[in-house]
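The numbers here are math on the coordinates, done by the rules we state, and not lab data. Worth saying up front: this structure is predicted, and the values here are computed from it rather than measured. When we count neighbours, we look across all protein chains shown, and the Cβ atoms used for this are built from the backbone with ideal geometry, even at glycine.
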Amino acid sequence: MKEQPVFINKDEFPASKFLQNALKEKYSIYNNLKEKLTNEPYNLIYEWRYYKDGKSWLCKIIYKKKTVMWLSVFDGYFKVAFYFSAKLSEGIDKLELDEKIKTDFQKRDFIGKVKPLIINVLEGNQIKDIQEIVLYKKKY
């Protein structure tokens, strides 16, 4: 069975109280990540939108006008997704990341011209990996 995002009601914006209910004890990880990424040196902006094609709310996280990553909420955790061109995907192996992230990324296929790097965020120590990827993505 495919996992289902929590926020599927287009009339229910994923405000803090709903995020807390959905993420449970992982809400503090979400909040910590958001706090770090919206400040220096990242300066990212979180934009929640309802997407009709996926029939759910997604958070597009941007720097200036460039999409850096996507965030989606599931029951008790959240996912972040980055998309890399063939050229940029080669640099992932050189980053200081958890080996599991690198291995999962290597196994993924390209979707059109991009390759997804997806992290199920379950622990606070994953934030450093996300920060590393964000800096890499911002650099290019």
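Here are the numbers:
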| read-out | value |
| --- | --- |
| Translational diffusion of the stretch 16-139, µm² s⁻¹ [Kirkwood Rh, Cα pairs; Stokes-Einstein; 37 °C; 0.692 mPa s] | 219 µm²/s |
| Relative contact order for the stretch 6-62, counting Cα pairs under 8 Å that sit 6 or more residues apart, in percent | 38 percent |
| Backbone N within the stretch 58-100 under 13 Å of label point (7 Å from E123 Cα along the Cβ vector) | 98-100 |
| Additional length obtainable on full extension of the chain from F18 to K55, 0.36 nm per residue less Cα span | 11.6 nm |
| GluC sites (Glu not before Pro) within the stretch 35-110, DSSP loop, no more than 13 other Cβ atoms inside 10 Å | E96 |
| Potential lengthening between I45 and Y140 on full extension [0.36 nm per residue; Cα-Cα distance subtracted] | 32.4 nm |
| Cut-off under 5 Å, modelled amide H: who pairs with F74 long-range | V6, K79 |
| Dipole magnitude of the stretch 16-139 about its Cα centre (Cβ charges: Lys, Arg +1; Asp, Glu -1), debye to nearest 20 | 600 debye |
| For the stretch 62-134 versus the stretch 1-55, the gap between their alpha-carbon centres in whole angstrom | 16 Å |
| Extension gain (nm, one decimal) between K66 and E96, 0.36 nm per residue minus Cα-Cα | 8.5 nm |
| Karplus-derived 3J(HN,Hα), 6.51/-1.76/1.60, for each residue of the stretch 18-26, Hz, glycine and proline x | 6, 4, 4, 5, 6, 8, 6, 5, 7 |
| Peptide ranges 68-80, 102-114, 121-133 listed from the most packed, as the mean C-beta count within 10 angstrom indicates | 68-80, 121-133, 102-114 |
| N9 paired with S85, simple spin-label distance in nm, labels 7 Å along Cα-to-beta-carbon | 4.2 nm |
| Relative contact order (%) - the chain, alpha-carbon pairs under 8 angstrom, separation at least six | 23 percent |
| Gyration tensor verdict on the stretch 4-76 (Cα atoms; rounded if a/c is under 1.5, prolate if a/b is larger than b/c, oblate otherwise) | oblate |
